[in-house]
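Since the structure comes first, as structure tokens, the remarks are kept for the end.
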Amino acid sequence: MKIRFGAAALALATLLSSAPLFAQEDGGVHPWLEDDFVVSLGSFFQKEQFKVRVDGQIPGRELDFNDATDLSKDHTTASLWARWKFGEKWSVTGQFWSTDNGTEAVLSEDVTWGDNVLKAGSNAGVGTNLDLARVFIGRELFTDADNHEFGLGAGLHWLQIGAFIEGEVFVNDESTGFQRESVSADLPLPNIGAWYWRSFSPRWLLATHVDWFGASVGDYSGSLWNAGVGINFQAWDHVGFGLSYQYFKIDIDVDKSDWHGNVQLTQDGPFLSLNVNW
């Protein structure tokens with residue numbers, strides 16, 4: 001993580017240091033501050049940490065999928081992001097990404113899943129998945145600033161999240177044979193958020209955002225953070241490239257008939273994108 005963060009930070013610093021040169025040559029502002037539509041398709045080079053607790057009659061401790069099973073912590077995930085600016089001050093933003101991670105492993109510790117136990121040293125198959133869709137409606141403030149854009153708004157993160165484990169299951173120290181246990185949930189999590197864009201020139205833009213949720217909604221309660229900071233380079237009139245660092249974290253307690261427990265998921269890493277605007 002430190003290596004990837006350092007490389008992304010160095011690249012961002014290099015781009016920022018170049019921005020004043022472009023400002024002297026070009027003048028004007030970056031087109032993202034003026035165009036109505038921006039669409040971005042990119043790759044999220046993320047590090048993932050996934051923990052699940054599935055309570056039975058006796059609440060168990062959380063299962064760290066990465067440490068207990070050597071599940072891969074690094075992924076490359078495609079992501080789609082789009083923004084439509086309507087009127088002078090309003091905009092709607094949408095985003096989607098999806099990850100799947102699975103492996104065969106020898107358990108390094110006993111795993112309690114509900115009322116079942118998988119013993120340390122046994123072979124097991126494990127996997128996690130996440131589909132995330134985000135919709136955000138925002139209002140721009142301080143529109144008199146030509147090279148800045150700051151806004152506040154509210155939105156909804158809709159998550160489909162799941163995990164499974166399969167192997168030889170023990171109940172009261174007696175083997176019940178090979179079984180597959182799984183949990184899944186659809187999490188509609190409303191949030192508030194803010195963004196800030198700064199144009200250095202028609203070619204260079206600093207873009208930041210942060211979304212936050214902390215409340216109880218139906219069967220779920222907990223917190224969510226979704227934040228990012230990055231640079232966009234406008235290579236041609238309607239096409240540009242982006243480099244940013246993205247951070248996403250949820251810590252949610254689940255109280256459903258088929259899943260009583262907790263899920264903690266952290267994804268963070270560099271994000272590279274191709275952007276089209278008009």
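The values are calculated or read from the model by the stated rules, or taken from the named source; none is laboratory data. As the structure is a computational prediction, the values presented were derived from the model and not from experiment. Reconstructed Cβ throughout: ideal geometry from the backbone, glycine too, with neighbour counts over all protein chains shown. Keep in mind that these areas ignore ligands, DNA and RNA; they rest on the heavy atoms of the full protein, side chains included. Shrake-Rupley method; radii C 1.70, N 1.55, O 1.52, S 1.80 Å.
Checking the structure you have, find out if any residue of region 182-199 is at positive phi and modelled with pLDDT under 90.
Step one: filter region 182-199 for residues at positive phi, giving none.
No.
Being under 20 Å from F248 (Cβ atoms) and open to solvent by 20 Å² or more (accessible area, probe 1.4 Å) is true for just one of F86, F96. Which residue is that? Spell out the reasoning first.
Details: F86 fails: under 20 Å from F248 (Cβ atoms).
Residue meeting the stated conditions: F96.
Which one of these is within 17 Å of L189 (Cα to Cα) and loosely packed, with under 14 Cβ neighbours inside 10 Å: G222, G218?
Values: G222 fails: loosely packed, with under 14 Cβ neighbours inside 10 Å.
Among G222, G218, only G218 is within 17 Å of L189 (Cα to Cα) and loosely packed, with under 14 Cβ neighbours inside 10 Å.
Only one of Q160, Q179 is assigned to a strand (DSSP E or B), closer than 30 Å to S122 by Cα and under 15 Å from the mean Cα position of the chain (by Cα). Can you tell me which?
Numbers: Q179 fails: under 15 Å from the mean Cα position of the chain (by Cα).
Result: Q160 is the single residue among Q160, Q179 that is assigned to a strand (DSSP E or B), closer than 30 Å to S122 by Cα and under 15 Å from the mean Cα position of the chain (by Cα).
Output the residues belonging to region 184-215 that are closer than 12 Å to H157 by Cβ and open to solvent by less than 60 Å² (accessible area, probe 1.4 Å). Can you show your working first?
Quick first cut of region 184-215, residues closer than 12 Å to H157 by Cβ only: 186-193, 211-213.
Within region 184-215, L187, P188, L189, P190, N191, G193, D211, F213 meet the criteria.
Over 22 Å from D251 (Cα atoms) and surrounded by 18 or more Cβ atoms within 10 Å (Cβ to Cβ): which single residue out of G125, G138, G121 fits that description?
On the way: G125 fails: surrounded by 18 or more Cβ atoms within 10 Å (Cβ to Cβ); G121 fails: surrounded by 18 or more Cβ atoms within 10 Å (Cβ to Cβ).
Result: G138 is the single residue among G125, G138, G121 that is over 22 Å from D251 (Cα atoms) and surrounded by 18 or more Cβ atoms within 10 Å (Cβ to Cβ).
When the residues of region 142-158 are filtered to those that are open to solvent by 70 Å² or more (accessible area, probe 1.4 Å) and over 28 Å from G222 (Cβ atoms), which remaining residue is modelled with the highest pLDDT?
Checking each candidate, the answer is D146.
Tell me which residues, restricted to region 225-238, are assigned to a strand (DSSP E or B) and open to solvent by 40 Å² or more (accessible area, probe 1.4 Å).
Across region 225-238, the qualifying residues are W225, V229, F233.
Please verify whether region 141-152 includes one or more residues that are part of a strand (DSSP E or B), of a type in the set (F, W, Y) and under 29 Å from G261 (Cα atoms). Steps first, answer last, please.
Step one: filter region 141-152 for residues part of a strand (DSSP E or B), giving 141, 148-152.
Cutting the leftovers down to of a type in the set (F, W, Y) gives us 150.
Checking the rest, the ones that are also under 29 Å from G261 (Cα atoms) come to none.
No - not one qualifying residue is present in region 141-152.
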